[in-house]
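Before any comments, here is the structure.
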Amino acid sequence: MSEVNEITEPKTAVDITAVEFPKHIDIDLSNKCNLRCRFCHLSFLEPEKWQQLSYDQFLEIAPVLEKVESISLFSKYEPLTCRDFIPIFDKVCEYDVETYFSTNGILLNDDIINALVGRLTYLTVSVTGFTRESYAKNMSQDRLETVRENLAKLNAAKKAANTIYPKLRITFVGMLDTLDELCRSLDFAAEFEASEGVRMTYFRSYGEGMSEYMPLNEPETVAAAIDEATAYAQRLGISFESIGGTIDEIESDVDKALGHRRCNLPWKTLSLQPNGDVYPCAVAYTTVGNFFENTFDEIWGGEKLAAFRDGVNDPDKLNEDCRQCSHCRYGSVLDPVANDFSTAGRYFGGMKRKQSN
């Protein structure tokens, strides 16, 4: 998946005062995925070890939900590959928190749909390709009809329960050779009553032969496609957003000395991996603790996170993680350092390049 978890922040000056406890946490319940999309980091990079969180392990984390405002059961993998997804989600629902995750929709079976309806706040389904051929090309498997069937079942279950939850959103990866289907993503969202509309994420390259499709190569082409989709969305009455804004909006906000928009995520959030590693945000490379070895208070108030915060918005102390920020709301779309990872040996969350056979 190209879309990492994000919480929306204002475009004005950011508040970098640390709160007593993070407002938001995201947890990757599994670091696996059932697809190998051509645009995704998992087609070219992989975790050091394939892991998933068990229900018993999640119970060690669950008490923090008494203090946070929202939780995402996703940041960069497919959460429904976790064997204990349903019992973990049931546990989450015991707390008064906003809930979210993103999925490719293929594993949305009847049991999972029944668990989600009326309880999950937001659900994002990633779809890039709206014909059988284009979906198979982009998403690596001929499963568009499965996704369509599962979304129809989800909507039927919502209607039967007389609920608007989960609120549905479609995400689309904007590559130079997928933009011709951007308006089709809006038709798809309208067909499946996606109340949250469509979000397009700007493609970043992770592998050989993919860099030519990055928006930075033809920003005018991308801008024209966004303008067309925006107008079409208005006619349909569907919400549409290119994540982070238009290219001009993003680049005008990027602090050139930092290489990214000013950011307050490490003062408000934490990102957890199934092996226990904790990161200051979903796209960081640097760990600041491990929830199997440290308490959340030790991590949140610890020296490692404090040192990382010092290097987020200060060009003289800039973290390497932040210099190549690939967060969909904070990173540059035009800077190759933040977009072209096609030769990078490592990537965020402890991922490393796959070895050629």
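The values are calculated or read from the model by the stated rules, or taken from the named source; none is laboratory data. Only a predicted model underlies this, so the values are computations on that prediction, with no experimental measurement involved. Virtual Cβ from ideal backbone geometry, glycine too; neighbours counted across all protein chains shown. For accessibility, only protein heavy atoms count, side chains too; no ligands or nucleic acids. Shrake-Rupley method; radii C 1.70, N 1.55, O 1.52, S 1.80 Å.
Here the accessible area of the chain is 45 percent carbon and sulfur, with a 1.4 angstrom probe and all protein chains present. Subtracting the Cα-Cα distance of Asn34 and Ala190 from their residue separation scaled by 0.36 nm leaves 53.5 nm. Spin-label model, Glu212/Asp255: points 7 Å from Cα along the beta carbon direction are separated by 3.8 nm. The phi torsions of the range 293-306, fed into the Karplus equation with coefficients 6.51, -1.76 and 1.60 and a -60° offset, translate into couplings of 10, 10, 6, 5, 5, 5, 6, 5, x, x, 5, 5, 5, 4 Hz, rounded to whole numbers, with Gly and Pro shown as x.
In order along the range 191-206, phi translates into HN-Hα couplings of 4, 9, 6, 6, 4, 9, x, 10, 10, 9, 9, 6, 5, 10, 8, 10 Hz, rounded to whole numbers, per the Karplus curve 6.51 cos²θ - 1.76 cosθ + 1.60 with θ = phi - 60° and x for Gly and Pro. Binning all Cα-Cα separations of the chain at 20 Å, short to long from zero, yields these whole-percent fractions: 30, 62, 8.
What the chain shows is 41 Å² of accessible area per residue, with the surface traced by a 1.4 Å probe over protein heavy atoms. Convex hull of alpha carbon positions in the range 90-147: directionally averaged projected area 4.4 nm².
With pairing defined as another cysteine C-beta under 4.7 Å, the cysteines of the chain that fail it are Cys33, Cys82, Cys93, Cys183, Cys263, Cys281, Cys322, Cys325, Cys328. Among beta bridges from DSSP that stay inside the chain, the antiparallel ones total about 30%.
For Ala231 and Lys354, FRET efficiency with R0 = 35 Å and r from the beta-carbon atoms, rounded to 0.05? The formula returns an efficiency of 0.30 here.
Using the Cβ-Cβ distance between Glu69 and Glu303 with R0 = 25 Å, the FRET efficiency computed as 1/(1 + (r/R0)^6) comes to roughly 0.45. Remark: the Cα gyration tensor places the range 253-357 in the oblate category, a/c being 1.5 or greater and a/b not exceeding b/c.
Lysines within cross-link reach of Lys317: Cα-Cα under 17 Å, excluding same-chain residues under 8 positions apart? Those lysines meeting the cut-off are Lys256, Lys304. Which aspartates and glutamates have a Cα lying under 17 Å from the Cα of Lys158, excluding residues fewer than 8 positions away in the same chain? In chain and number order, the partners are Asp110, Asp111, Glu149, Glu191, Glu193, Glu196. Near the amide H of Ala284, within less than 5 Å, lie the amide hydrogens of Gly349, all on another chain or at least 5 residues away, with H placed in the peptide plane. Here each label is just a point 7 Å from Cα along the line to Cβ, and for Asn109 and Asp90 those points are 1.5 nm apart. Label-to-label distance for Glu220 and Glu98 is 3.9 nm, based on points extended 7 Å past Cα in the beta-carbon direction.
DSSP beta bridges fully contained in the range 199-357 are about 75 percent antiparallel. Counting every pair of alpha carbons in the range 181-312, the share spaced more than 19 Å apart comes to 64 percent.
For the range 118-123, 3J(HN,Hα) computed residue by residue from phi via the Karplus equation (6.51, -1.76, 1.60; θ = phi - 60°) reads x, 10, 6, 6, 10, 10 Hz, glycine and proline entered as x. Taking the charge dipole of the chain about its Cα centre, with +1 at Lys and Arg Cβ atoms and -1 at Asp and Glu Cβ atoms, the residue from Phe188, Val312, Gly276 reaching farthest to the positive side is Phe188. Estimate the FRET efficiency between Asp180 and Lys49 by the formula 1/(1 + (r/R0)^6), using the beta-carbon distance for r and 22 Å for R0, to the nearest 0.05. Efficiency at R0 = 22 Å is approximately 0.05. Local charge for Ala344 was computed over the other residues whose Cβ lies under 10 Å away, with Lys and Arg +1 and Asp and Glu -1, and equals +2. Here is how the number arises for the chain: DSSP H runs of 4 or more residues each give -39500 (n - 2.57), the sum is divided by the residue count, and the result at 222 nm is -8000 deg cm²/dmol.
Pairwise inverse Cα distances across the range 163-210, averaged and inverted, put the Kirkwood hydrodynamic radius at 11.9 Å.
Near Pro280: Cβ cut-off under 11 Å, other residues only, Lys/Arg at +1 and Asp/Glu at -1. The net charge is +2. Within the straight-line cut-off of under 28 Å between alpha carbons, the lysines reachable from Lys354 are Lys32, Lys49, Lys76, Lys137, sequence neighbours fewer than 8 places apart in one chain being disregarded. Once the chain from Arg323 to Phe292 is taken as fully extended at 0.36 nm per residue, the excess over their C-alpha distance is 8.2 nm.
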